[in-house]
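Take a look at the structure set out below.
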Amino acid sequence: MSLLLPLGAFAAILAAVTFGGAVVAAALLPPGSTFKPERWSWGFVVGMSLVAAQAAATVALGVTPGWIPTVGLFAMAAALGLRARLREIGSDAAPQSRRAAVLSVLLVALLASGVLFYLLRALTEPMWSNDFLAIWGLKGKTLFLAKRFPAGVLAPSLYAFSHPEYPLGLPLIYAGAASLLNRWDDHALALLFPFFQVATLAVLFGWLRRRGISWPVPLAAAALLSQLEPLYSGFLTGMAEVPLSCLFLLFGTAYSDCLDETDTGARRRLAVASFLSAALKNEGLLLAAAGAVGAMAARRSVRWRVAAACALPALAVFGLTRVVSRGATPRDFDLAFLGSRIGELPARLAESLRVGFAEGFRPAWPILACLALLFAAGRRTPFADRLLGLAAVCLVVYVSIPALAVLGPTWLVRTTLPRTAVALAPLVAAGLAGRLRD
Amino acid sequence: MRSVAAFAPRELAVRRLGGSSAAFDRGYFHFLESARRRLPTGTAGVALILKRPSQDALHLAAYTMAPVPVVVFRGAVAPGWIAAVYGSERPPGWKLLVEVPGGALMVPNASSG
């Protein structure tokens, strides 16, 4: 079968899933045009989460995944979502400043070209990166074809390279989507990733507008982010970073909204984003922990509820993952470096920082210098600074944690730091742009 | 664009064959995909016999054969498993199940382990 037919079918499926998810998202975002771009992003993310949940539930129950359980799950979720829908908060779109038509056209063209270039990179060939073959795609294909959880099919003793301890969010998305497509097509499924890119750009634009950042900053931020090839690359298509970067942004914006009590749905959004971030990758647990600690340190009456919304859903995912993976533990790290071998830790930490600086930061210095200038050009803005704080905590951990790597800090820095760090880009973009308010 | 235009009308396996994941040895992917299509029903697993085993070769085989488990051959083939032999050499005394492009599917005789 050629590419076009399954690709067209999958595009229609993703559109339907987004519409269905948008109905469910009525429980997360108040109605009104202020939330419109974010509503579509949440609609896509919630919709894909329901598709993944359908795959998990059918595999667990031993029934065949596909359209019937998916439609049933969407109907139940929509009924619950509409029952719990949020009321109008009386706001409408942020005041529009006068726009320069030429600049608008240029920025929209830049944004559109970023989306189109990524579409091309993502769809040039079936998903191909090594981690897609060895981890994410392998588990998704196993879930779809064997209709069993990977731990029951791929013996951990033989498949340690597939990281049995990783959460199953992305493989479940693949399996659920393949059940709707009725075939395993690892080329058509790549369309998921440009959809995640568009969802990220929409929430970036929408959140900045809702928070009163005046034109053209939100559009420029989205247009520049769309061009970030290290994130929106063929290599990362198939891996967890692109969806994770979207969820990190959803988490960060909901977290900031929650602390500022912007609307009654913020805490629900935060809890959902925490759950989904942790379900995609272990870095989601780190973000949830950073959010919980940050919330507890905030001088706000809501701090304990915000901390709970950050931590509890992620902990639930952690527990579920332990059960489904049959207690598999991370194999890349040796906690003895925090115990009996702690004497080696300073040298290993120094090696992590040295390699991280030499191979991660030094080659990117012009971009980092631009980011520093943008930071300096802005001004203190708590709702945006929180996102930068979350990104900074994650980055510090990403640079330090290779000190615990079994195969040595240099190996882990080289294999993971660039791609885990670049997944923080949407958070950083939102934080920097939020500081550029009038 | 040229690559997409050239490969989009072809079947999925051909698109992977022409892509990056098979670039380290396109003949190897041809062999794997041919072997996958000829696996006997109920095969419990596949032991790969390769001249030069590598992580890339194992990962591509594991993905291509999934959900059938794959290991690199280390002296014995478990009961119910079969050997996928890449290349022209054949383990002596083993039973040939089928020749495929680039190799063969085989099982050890009871005495050859």
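Observations on the structure shown:
- P(r) of region A:121-192 over all Cα-Cα pairs, binned every 10 Å from zero, in whole percent: 21, 55, 22, 2
- Point-to-point label distance, A:ALA60-A:ARG414, nm (Cα→Cβ direction, 7 Å offset): 4.1 nm
- Placing dummy labels 7 Å off each Cα toward the beta-carbon, the span from A:ALA9 to A:LEU82 is 3.0 nm.
- The distance linking region A:128-174 with region A:255-327 is 25 Å (Cα centroid to Cα centroid, whole angstrom).
- Kirkwood radius for region A:167-240, taken over all pairs of different Cα atoms as the inverse mean of 1/r, rounds to 14.0 Å.
- Residue-normalised convex hull volume from the C-alpha trace of region B:23-108: 86 Å³ per residue.
- Summed side-chain charge close to A:LEU204 - residues other than A:LEU204 whose Cβ falls under 13 Å, Lys, Arg +1, Asp, Glu -1: +2
- Applying 0.36 nm per residue to the separation of A:TRP365 and A:ASP438 and subtracting their alpha-carbon distance, the gain on full extension is 23.5 nm.
- Overall form of region A:284-438 per C-alpha gyration tensor (a/c, 1.5; a/b vs b/c): oblate
- Cα-based reach from A:LYS141 at 16 Å (exclusive), listing aspartates and glutamates while leaving out same-chain residues under 8 positions away: A:ASP131, A:ASP185, A:ASP186, B:GLU33
- Using every pair of separate Cα atoms, the Kirkwood estimate puts the hydrodynamic radius of region A:1-130 at 17.6 angstrom.
- Only DSSP H runs of four or more residues enter the estimate; each adds -39500 (n - 2.57), and after division by the residues of the protein assembly as shown the mean residue ellipticity at 222 nm equals -18500 deg cm²/dmol.
- Cross-link reach is defined here as a Cα-Cα straight distance under 21 Å, omitting same-chain residues fewer than 8 places apart; for A:LYS147 the lysines meeting it are A:LYS139.
- Among the DSSP helices (H) of chain A, those spanning at least 20 angstrom by Cα along their long axis with an average Kyte-Doolittle hydropathy of -1.0 or more are A:4-24, A:36-61, A:67-83, A:101-123, A:192-210, A:241-260, A:266-280, A:283-297, A:303-324, A:382-400; this is a geometric and hydropathy rule only.
- Debye intensity ratio in log₁₀ form over the Cα atoms of the protein assembly as shown, taken at each q of 0.05 Å⁻¹: -0.22
- For region B:23-29, 3J(HN,Hα) per residue [Karplus equation, 6.51 cos²θ - 1.76 cosθ + 1.60, θ = phi - 60°, Hz, x = Gly/Pro]: 5, 5, 5, 5, x, 5, 5
- Cα centroid of region B:62-113 to Cα centroid of region A:175-193, whole Å: 31 Å
- For region A:405-438 versus region A:196-211, the gap between their alpha-carbon centres in whole angstrom: 19 Å
- Per-pair calculated FRET efficiency, R0 = 45 Å: A:ARG183 and B:LYS95 via Cβ, rounded to 0.05: 0.85
- Only Lys, Arg (+1) and Asp, Glu (-1) charged, at Cβ; the protein assembly as shown dipole about Cα centre in debye: 540 debye
- Between the amide H of B:LEU97 and those of B:LEU105, B:MET106, B:VAL107, distances stay under 5 Å, these residues lying 5 or more places away or on another chain, with hydrogens modeled in the peptide plane.
The numbers here are math on the coordinates, done by the rules we state, and not lab data. Fair warning: this is a prediction, and the values are worked out from it, not measured in the lab. Please note: Cβ atoms are built from the backbone with ideal geometry, for glycine as well, and neighbour counts cover all protein chains shown.
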